[in-house]
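Participant: Structure in structure tokens, see below.
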Amino acid sequence: MPPHLSETKLAVRWSISRRTLQRWRHLGVGPSFIRLQRRIVYPLAEVESFENANRTTHYFINITPGSAS
């Protein structure tokens, strides 16, 4: 089996609760998962793909009063 993360390990990786992951599965959002009997695992490749697809870049712009826009 390719590398995977348990529900608990993914929750720790993203600093979210296991309940959030469970809710996301119910809503059909978040990374793809595999159900092995009663166990849920997230393939590492799917987790990394989801992370990359949801990556954002923040630009900080210095705005000073009276400057021309």
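Participant: Going through the range 17-69 one residue at a time, which ones are touching a helix residue (DSSP H, G or I) at 6+ places or on another chain (Cβ under 6 Å) and either among the charged types (D, E, K, R) or open to solvent by 70 Å² or more (accessible area, probe 1.4 Å) (or both)?
Facilitator: Arg18
Participant: Would you be able to tell me the number of residues in the range 1-33 that are among the basic types (Lys, Arg) and closer than 15 Å to Leu44 by Cβ? Walk me through it before giving the result.
Facilitator: Filtering the range 1-33 down to residues among the basic types (Lys, Arg) leaves 9, 13, 18-19, 23, 25.
Then drop every residue that is not closer than 15 Å to Leu44 by Cβ, which leaves 9, 13.
Looking only at that region, the number is 2.
Participant: Now, a different point. Please state which of the following conditions Ala11 fails to meet, knowing it meets all the rest: (1) open to solvent by less than 70 Å² (accessible area, probe 1.4 Å); (2) out of contact with any helix residue (DSSP H, G or I) (no Cβ under 6 Å at 6 or more places or on another chain).
Facilitator: If we test Ala11 against (1) open to solvent by less than 70 Å² (accessible area, probe 1.4 Å); (2) out of contact with any helix residue (DSSP H, G or I) (no Cβ under 6 Å at 6 or more places or on another chain), just (2) comes out false.
Participant: Across the range 1-42, what is the number of residues that are of a type in the set (Val, Ile, Thr) and either touching a residue at least 24 places away in the same chain (Cβ under 8 Å) or more than 21 Å from Arg55 (Cα to Cα) (or both)?
Facilitator: Looking only at the range 1-42, we keep the residues that are of a type in the set (Val, Ile, Thr), and these are 8, 12, 16, 20, 29, 34, 40-41.
If we keep only those that are either touching a residue at least 24 places away in the same chain (Cβ under 8 Å) or more than 21 Å from Arg55 (Cα to Cα) (or both) too, we end up with 8, 34, 40-41.
Looking only at that region, the number is 4.
The values are calculated or read from the model by the stated rules, or taken from the named source; none is laboratory data. These numbers were taken from a predicted model, which means no experiment stands behind them. Note: ideal-geometry Cβ built from the backbone for every residue, glycine included; neighbour counts use all protein chains shown. Keep in mind that these areas ignore ligands, DNA and RNA; they rest on the heavy atoms of the full protein, side chains included. Shrake-Rupley method; radii C 1.70, N 1.55, O 1.52, S 1.80 Å.
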